[in-house]
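Report on the structure given below.
The values are calculated or read from the model by the stated rules, or taken from the named source; none is laboratory data. These numbers come from a predicted model, not from an experiment. Methodologically, a virtual Cβ is constructed for each residue, glycine included, from the backbone with ideal geometry; neighbour enumeration extends over all protein chains shown. Please note that ligands, DNA and RNA were not included when accessible areas were found on the heavy atoms of the full protein model with its side chains. Shrake-Rupley method; radii C 1.70, N 1.55, O 1.52, S 1.80 Å.
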Amino acid sequence: MNLQDAKTLNECPHADIAAYIDGELAPREELELEMHLAVCESCAEELNQQKKLLCALDYALEEEKFELPENFTKVVVANAESSVSGLRRRNERFNALFICSALFLLVFAALGNETGNALFSSSKFIDKFFAVGAFIGHLIYDVAIGTIVVLRSLIVHFVRSSASAFALAVVTFVVFALVFSRLLSRFRRI
């Protein structure tokens, strides 16, 4: 094989041969390919091989013609629906869990050295999630403490001025304590 043959093999339009057979090429491309086929033996052989394959497929598909029954779709659907067992038995659930666990381990094995990176990135996400949760918890705590301090200073000033205001403050505190305890008991049930 000389340099010219090697150059021709690299420039051979093998992908265009199937399009040529199917009649999908533009007239100019078709003409260029026919000129190339006249010169290149490997492309001409490829064209003949693809034509032989198509002829063999046509012959194989023409030989066995058969008719489908009219209710074929209904029979297939009924058969498929009746043979589906779903996850009705405990054994099937265990098998599904086993398969999912095996696939999970297979993914980590396929990741190889990247497994550590995947776990590290998921731990970063979890850390950020807990950091946001801690921030929200501290914000709620700080707002509650601030509200209590302000109310306490107002109540102390208000209660010192009259005995009836003190009684009203005690009743209000008891009512809020009862309401808060009821809310806590409802949240514990949920």
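What number of residues within the stretch 19-48 satisfy the criterion of being among the aliphatic types (A, V, I, L, M), within 45 Å of the chain's Cα centre (by Cα) and loosely packed, with under 14 Cβ neighbours inside 10 Å?
The total comes to 1.
If you go through the stretch 89-98 one residue at a time, do you hit one that is surrounded by 10 or more Cβ atoms within 10 Å (Cβ to Cβ), at pLDDT below 70 and out of contact with any Asp or Glu (no Cβ under 9 Å at 6 or more places or on another chain)?
Yes: one or more hits.
Of the residues Lys65, Lys51, which single one is charged (D, E, K, R), at pLDDT below 90 and either exposed (fewer than 11 other Cβ atoms within 10 Å of the Cβ) or not in a helix (DSSP H, G or I) (or both)?
When all the criteria are applied, what remains is Lys65.
For the stretch 10-30, give me each residue that is among the aliphatic types (A, V, I, L, M) and more than 15 Å from Lys51 (Cα to Cα).
So in the stretch 10-30, the residues among the aliphatic types (A, V, I, L, M) come out as 15, 17-19, 21, 25-26.
Matches in the stretch 10-30: Leu25, Ala26.
Could you grab me the full set of residues in the stretch 73-88 that are open to solvent by 90 Å² or more (accessible area, probe 1.4 Å) and at pLDDT 75 or above?
Within the stretch 73-88, Thr73, Lys74, Asn79 meet the criteria.
Are there any pairs with C-beta distances below 6 angstrom linking a residue in the stretch 164-186 that is charged (D, E, K, R) to a residue that is open to solvent by 80 Å² or more (accessible area, probe 1.4 Å), with the two at least 6 apart or on different chains, and if so which?
none
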